[in-house]
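Worksheet for the structure shown next.
The values are calculated or read from the model by the stated rules, or taken from the named source; none is laboratory data. This one's a predicted model, so the numbers in the text were calculated from it and none came from an experiment. As a convention, Cβ positions derive from the backbone with ideal geometry for all residues, glycine included, and neighbour counts pool all protein chains shown. What goes into the accessible areas is simple: the full protein's heavy atoms, side chains included, and nothing from ligands, DNA or RNA. Shrake-Rupley method; radii C 1.70, N 1.55, O 1.52, S 1.80 Å.
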Number of protein chains: 4
Amino acid sequence: MIRVAIIGASGYTGAESIEIILRHSEAELVYLTALPEECGRVADCFGRFKGRCDLQIEPLDFDKLKATADVALCCLPHKVSMGFVPKLLDAGLKVIDFSADYRLKDTAVYEKFYEVKHTDKPNLEKAVYGLPELFREQIKRATLVANPGCYPTGALLAIAPLLKEQLVETDSIIVNAVTGASGAGRNPSAKFHFPNMNENLFAYGVGSHRHTPEMEQIAGEIAGCDVEIFFQPHAGPFDRGILSTVYCQPKGKAGSEGLLKLYSDFYSDEPFVQVCQAPPAVKDVAGTNYCHIFVTSVKGKIVCFSAIDNLVKGASGQAVQNMNIIFGLEETLGLK
Amino acid sequence: MIRVAIIGASGYTGAESIEIILRHSEAELVYLTALPEECGRVADCFGRFKGRCDLQIEPLDFDKLKATADVALCCLPHKVSMGFVPKLLDAGLKVIDFSADYRLKDTAVYEKFYEVKHTDKPNLEKAVYGLPELFREQIKRATLVANPGCYPTGALLAIAPLLKEQLVETDSIIVNAVTGASGAGRNPSAKFHFPNMNENLFAYGVGSHRHTPEMEQIAGEIAGCDVEIFFQPHAGPFDRGILSTVYCQPKGKAGSEGLLKLYSDFYSDEPFVQVCQAPPAVKDVAGTNYCHIFVTSVKGKIVCFSAIDNLVKGASGQAVQNMNIIFGLEETLGLK
Amino acid sequence: MIRVAIIGASGYTGAESIEIILRHSEAELVYLTALPEECGRVADCFGRFKGRCDLQIEPLDFDKLKATADVALCCLPHKVSMGFVPKLLDAGLKVIDFSADYRLKDTAVYEKFYEVKHTDKPNLEKAVYGLPELFREQIKRATLVANPGCYPTGALLAIAPLLKEQLVETDSIIVNAVTGASGAGRNPSAKFHFPNMNENLFAYGVGSHRHTPEMEQIAGEIAGCDVEIFFQPHAGPFDRGILSTVYCQPKGKAGSEGLLKLYSDFYSDEPFVQVCQAPPAVKDVAGTNYCHIFVTSVKGKIVCFSAIDNLVKGASGQAVQNMNIIFGLEETLGLK
Amino acid sequence: MIRVAIIGASGYTGAESIEIILRHSEAELVYLTALPEECGRVADCFGRFKGRCDLQIEPLDFDKLKATADVALCCLPHKVSMGFVPKLLDAGLKVIDFSADYRLKDTAVYEKFYEVKHTDKPNLEKAVYGLPELFREQIKRATLVANPGCYPTGALLAIAPLLKEQLVETDSIIVNAVTGASGAGRNPSAKFHFPNMNENLFAYGVGSHRHTPEMEQIAGEIAGCDVEIFFQPHAGPFDRGILSTVYCQPKGKAGSEGLLKLYSDFYSDEPFVQVCQAPPAVKDVAGTNYCHIFVTSVKGKIVCFSAIDNLVKGASGQAVQNMNIIFGLEETLGLK
């Protein structure tokens, strides 16, 4: 049994990670940590764990961590994470980090978007971007995985085959995405107060969302050249899911049938990517680790649609998928 | 034109009051006040007023109030209100107070449920309970109206005919009610954070909700004897509305047809109460000042159902209805 | 591996059964059937099964059924089911029937509420009511299980300890319940059309819901005497869950602490019942086989609250729990 | 008083029209019609009109119509409408038609998208496109107004100033829009069944939505040249509203401040268009006739956002606005 510690267990991605590990046949929860004021029985923190998980959430003790766990799912926020990850690694654990701290290879970009100095460049260099569909081989050998952001996961899976095959212009990709409200995290706020968010829909982060450079970096790696992405996020009145609608300019002629064949081939061995014959629905992937994709060529554009659950394939599910890969387990354990 | 001031304009009942007065042909908004930190353009506070209301929300200045307004809709919270109402009255205004401070005639009960000493007994004595369907004559002559609570409005309208005609046992009335989330007010909280409240439903205030003594007091006035009510509130995943399901023990034989006739007669002249032939739906009254009621006798019980919008008939709409009555206007102005 | 057939796989309880069996380590789906017009790939019927289940839904062939399956989860509607169950049993399968056809022991009651003659009295006599918390021993030996209705599951678990200990009057129990919209099934209708159901809440089936006699029959068995229940269902704007609020008249003095102790003891060995210290929330049990219960004594009444997922503990999860019991498997397999 | 007939009163836009006319101080409902099977008391058809509107919905009788009404709000579906409009005009009424039948000036385009022959070309030629912000002068003199589609209303208001000033490339405009579920109309369907639509979001009509040629025609009129628009609609889990996110390629340098100034000037006299300083929220315009717009220049693109209520500014509210203009009333009557 892989012994799993969850660092930052009191947030939504922590809870989702607990949920998945509870169903995992070859991994077990051994240690849950959070800030002291968030500690206590996990079932008191999240009522849905009553009778399902008796663990306490405790303040982090590195000695205990070292003695009990093989892997840390580090669900800490951006900027905080890089203060902890080096110690988790020093304790001999594999680390799957949910924050953005180990995703952006160019620290200048990181520092511009996160407005803080990067304090752990050595580990940043070693970190592997945890999108298994594209970087499975590197993940197998990784000690530290930078688990992708939720929006980049949806957007990159939607366009990876096009980029790989260099079928689209790389200076005019538009990613229009809508996330469910769980994406805002567990802290109450005016925007996500039920009477405001319910029956509502709005754009935010116009031209400035922090997931933009992450998308561009990985898209560039796939395409082998610089890629410019205009990413526009929106928040909608549902719990879970991200629907990404991606508009691309084809380089040459591209037929819808050929595109579907390209996508089906590209993802033919992928357990969690389904290429569909029609635009996907967020509800079909909610609560699962699946990504549903549709692509078509119409009116001179290639349009790609992808749907994921932001908390599962966009966070905790993908983290467990990465964990399974690192430890040589069947990749779908706990996730089917 | 009646000149209306709204005291405490930055909350949901304040906003709803603004909305209604904007459509009122014989009343106009002249003054909006709130705590200093809530002040600014009303359209900045509530985006829906962009282009519809240019007023500023300002800190309360009693001199300005006195000079500009005929009536104050006082949307302050319980306990706070009774510190302001005497001064509003001294300024020569009619006052319609949304808080509980002037509803409970027995200050011992008030002080038990609100855990604070009542500081304005003289005005409490003069205050009229603002449920027009039952106290219209008194309201006409009132200077200070205690606008009813949202739950009591729904529950009392549902059972008033039964109580008046002494058709039910008065020691075993059960009021089961579900409110929309706007009932929780505008301050973000963990319970009403969208990812918690959405797709959720739960009971609260078991046996202890502060609207219980209010229901019992008014029910007792209607029945002419002590009435005991077991009131159980719940919160559900919708913005607006209260559905009350009231279970009563009939004193004698009561047929459903006779009950519907009794209700239709009782409310025949009421502009805002509709007696229905089937259980009402919250959505049919949302955004309106109407109360839809159904009553039936079945399996040895009388069951009454009522639906209102908690922010309109349960708060701001009823306040404007009371205002219309006080000033001798057509009762439905601004509310149809 | 237990080989599972799902009869009537194209509805919501069929889909939920598929979902659960897919995660079950000792059971496998072997055969899915539905009416001819509903047949085809299960992933075309329910998009969420894309990549997760390659089975076809096929018209029912009893020979194939006999050859391939050990147990049938029979998700057919009321009245239809009793035409199929005898043949499923004749084919040598264990049968867990989701309909009401084998729940009501008194066929006169069945025929009154379902307005059709009961055509399978021999099997009705043998059928065991599948509420494991109360009838586990009988279920172990059953060939045919009548899987309980969703509302009776929630209501009976809420009051069983009170009935067993004869702590409450048995002629005045009121069950007020609210179900999520999945309870209405998969066929589109005006009431459950999104623009009608969203932001809505309403009562239905006043004094006449078919789950009433089922509740009364089982409550009577538990109490050892006739029990009269006033059951009032409502439909609310959420997918999953039933919240039951049950009002009882205590026979003698009953303290809240004593009641919580009684409930905790009563359910101490139950894997899926959690006795809580506060009213339960539907969202905490959504997607799980758990029932969360709270009980308290206040204002001269005992009030019990229970929350379940109507499709899981109220249908498919409970069916799998029953299947596990019948086949001697660990009761929680596939359900934790 | 303007005497208003509503033809096709049993659908959502009919109901919304009733709602608005009920509040209109210089117009009154005189005649409501629908197909015979939809007839009856309007309050039976829409519970929200109980006590507010005593009219019957009746089968259409042109003689009665001629005798009673000054204007017809024709809420019939596409293809059906053009069979009725000539007779409504012959009866001497002004007609505001909600269908697409009089919007597309090129009947070849109409016939391609609606797959039916256009049967009323004479009136098509005379029809004026009812977007008051752009065609107010023509509307003043119109006998027949083609009320705009919901999506075109939102999209065109979002980009009109850019087109007018020729600031963007006209071959690469992308309109990404999300509508609330009321846009699907009142007929129940599998897609809009609550348990499917709730917690869901999906794209539809990829590259083929019938509002595309309408957008392109009017955009072309504004720009004075051919305009190509890629329009992608989506449906989301809320009742009302359309959020349009429009991506444009600027022709030259365009600063955000300059754009906001351009928009503010362009719409400075418009009572129902509000230029905002941040992306608009659907909830702020729900239930109103307002359009909230934000525009910005970022990362080499101009992005415009608009929010409207699809049933109000996108249908019935705009129709009443047009009616007010035609009859020389204050344009905002009934709509503020």
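Report, in cubic angstrom per residue, the convex hull volume of the C-alpha atoms of region C:194-336.
Per-residue hull volume (Cα only) is 145 Å³.
Contact order normalised by length for region C:92-165, with contacts defined as Cα pairs under 8 Å and 6 or more residues apart; what percent is it? Averaging sequence separation for qualifying contacts and normalising by length gives 37 percent for region C:92-165.
What separates the D:LYS191 label point from its copies, with the point 7 Å along Cα to Cβ, is 2.6, 2.9, 3.9 nm, written shortest first.
Treating only the Cβ of Lys, Arg, Asp and Glu as charged (+1, +1, -1, -1), what charge dipole size does region C:1-121 show about its Cα centre? Round to the nearest 20 debye.
For this selection, approximately 180 debye.
Here the alpha carbons of chain A define both size measures, Rg and Dmax, at 19.3, 61 Å.
In chain D, Cα pairs under 8 Å separated by at least six residues give a relative contact order of 17 percent. First check a/c for region D:216-296, with a ≥ b ≥ c the square roots of the eigenvalues of its C-alpha gyration tensor; if it is under 1.5, answer rounded, and if not, answer prolate when a/b is larger than b/c or oblate otherwise. Oblate, since a/c reaches 1.5 and b/c is not below a/b. The mean of 1/r over all pairs of different alpha-carbon atoms in region D:91-154, once inverted, gives a Kirkwood hydrodynamic radius of 12.2 Å. Axis angle, to the nearest 10 degrees, between helix B:256-266 and the longest C-alpha principal axis of chain B: 30 degrees.
Amide H contacts for C:ASP239 (H built 1.01 Å from N in the peptide plane; partners 5 or more residues away or on another chain; cut-off under 5 Å): C:ALA181. Surface listing: A:CYS150, D:CYS225 arranged by accessible area from highest to lowest gives D:CYS225, A:CYS150, probe 1.4 Å.
Taking label positions 7 Å along the Cα-Cβ direction at both A:LYS251 and C:ALA108, the computed distance is 8.3 nm, reported to one decimal.
Using bins of 5 Å that start at zero, the share of Cα-Cα pairs per bin across region B:187-240 amounts to 4, 18, 19, 16, 14, 12, 8, 6, 2, 0, in whole %. With a Förster radius of 35 Å applied to the C-beta separation of A:SER189 and C:VAL298, the computed FRET efficiency comes to 0.50. Set the Cα radius of gyration of region A:209-256 against 2.2 N^0.38 Å, with N its number of residues, and you get 1.43.
Would you mind giving the total buried accessible surface between chains C and B, with a 1.4 Å probe and ligands, DNA and RNA left out, rounded to the nearest 100 Å²?
Counting both chains, the buried surface is close to 3300 Å².
Relative to the longest principal axis of the Cα atoms of chain B, the long axis of helix B:12-22 lies at roughly 80 degrees. Based on Cα contacts under 8 Å between residues 6+ apart, region D:169-308 shows a relative contact order of 28 percent. Percent of Cα-Cα pairs per 5 Å bin, from 0 to the last occupied bin, for region C:279-336, please list those. P(r) over region C:279-336, rounded to whole percents: 4, 20, 21, 17, 14, 11, 7, 3, 2, 0. Placing a label point 7 Å from Cα along the Cα-to-Cβ axis, B:THR68 is separated from the same position in the other copies by 4.7, 6.1, 7.6 nm, shortest listed first.
Can you give the percent of C-alpha pairs in region D:1-155 whose distance is more than 25 Å? Percentage above 25 Å: 28. Computed from point charges on the beta carbon alone (+1 for Lys and Arg, -1 for Asp and Glu), the dipole magnitude for region B:190-336 about its Cα centre is near 460 Debye. Panel values: region C:83-196, Kirkwood radius from alpha carbon pairs, Stokes-Einstein at 25 °C and 0.890 mPa s, translational diffusion coefficient 149 µm²/s. Here region A:1-88 is treated as a sphere whose radius is the Kirkwood value from Cα pairs; by Stokes-Einstein at 10 °C and 1.306 mPa s it diffuses with a coefficient of 123 µm²/s. Entry for the protein assembly as shown at q = 0.04, 0.06, 0.07 Å⁻¹: log10 I(q)/I(0) = -0.24, -0.56, -0.78, Debye formula applied to identical alpha-carbon scatterers, no solvent contribution. The calculated FRET efficiency for the pair A:LYS261 and C:ARG23, based on their C-beta separation and a Förster distance of 30 Å, comes to about 0.40.
Give the Rg/Rh ratio for region C:4-45, taking Rg as the radius of gyration of the Cα atoms and Rh as the Kirkwood radius, to two decimals.
On the way: Rg = 9.9 Å, Rh = 10.4 Å.
Result: Rg/Rh = 0.95.
Binning all Cα-Cα separations of region D:153-248 at 10 Å, short to long from zero, yields these whole-percent fractions: 16, 45, 25, 12, 2. Computed from the C-beta positions of D:ALA67 and B:LYS64 and an R0 of 51 Å, the FRET efficiency is 0.40 to the nearest 0.05. Region B:25-81 and region B:159-210 have Cα centres separated by 29 Å.
For a paramagnetic label modelled on D:GLU330 (point 7 Å from Cα along Cα→Cβ), amide N atoms under 18 Å away belong, within region B:316-336, to B:333-336. Put a plus charge on the Cβ of each Lys and Arg, a minus charge on the Cβ of each Asp and Glu, and nothing anywhere else: the dipole of region C:127-249 about its Cα centre is then about 560 debye. Our Cα-only numbers for region B:64-123 put the radius of gyration and Dmax at 11.9, 38 Å. Let me check I've understood the local charge: for D:VAL30, count other residues with C-beta under 12 angstrom from its C-beta, Lys and Arg +1, Asp and Glu -1. What total comes out? In short, 0. Please determine, in degrees from 0 to 90 and to the nearest 10, the orientation of helix D:150-164 with respect to the longest principal axis defined by the Cα atoms of chain D, where the helix direction is its Cα long axis. Helix D:150-164 sits roughly 40 degrees off the main axis of chain D. Cα centroid separation, region C:106-135 to region A:211-243: 57 Å.
For A:THR13, the accessible area of its heavy atoms, probed at 1.4 Å with every protein chain present, is near 40 square angstrom.
In the structure shown, the pairs B:LYS253/D:LYS50; D:LYS191/D:LYS299; B:LYS283/C:LYS50; D:LYS261/D:LYS283 are assessed against 27 Å; a Cα-Cα span above that value is assigned to B:LYS253/D:LYS50; D:LYS191/D:LYS299; B:LYS283/C:LYS50. The amide H of B:GLN274, built 1.01 Å from its N in the peptide plane, has B:CYS291, B:HIS292, B:ILE293 as neighbours under 5 Å, considering only residues 5 or more places off or on other chains. When the other protein chains are added to the chain by itself, burial of at least 40 square angstrom of heavy-atom accessible area (probe 1.4 Å, ligands and nucleic acids ignored) affects these residues of region C:230-262: C:PHE230, C:PRO237, C:PHE238, C:ASP239, C:LEU243, C:TYR247. Near the amide H of D:PHE231, within less than 5 Å, lie the amide hydrogens of D:VAL175, all on another chain or at least 5 residues away, with H placed in the peptide plane.
For B:GLU37, the label point sits 7 Å beyond Cα toward Cβ; its separations from the matching points on the remaining copies run 1.5, 6.0, 6.2 nm, from shortest to longest. Taking every DSSP beta bridge that has both ends in region C:1-159, the antiparallel portion is near 10%.
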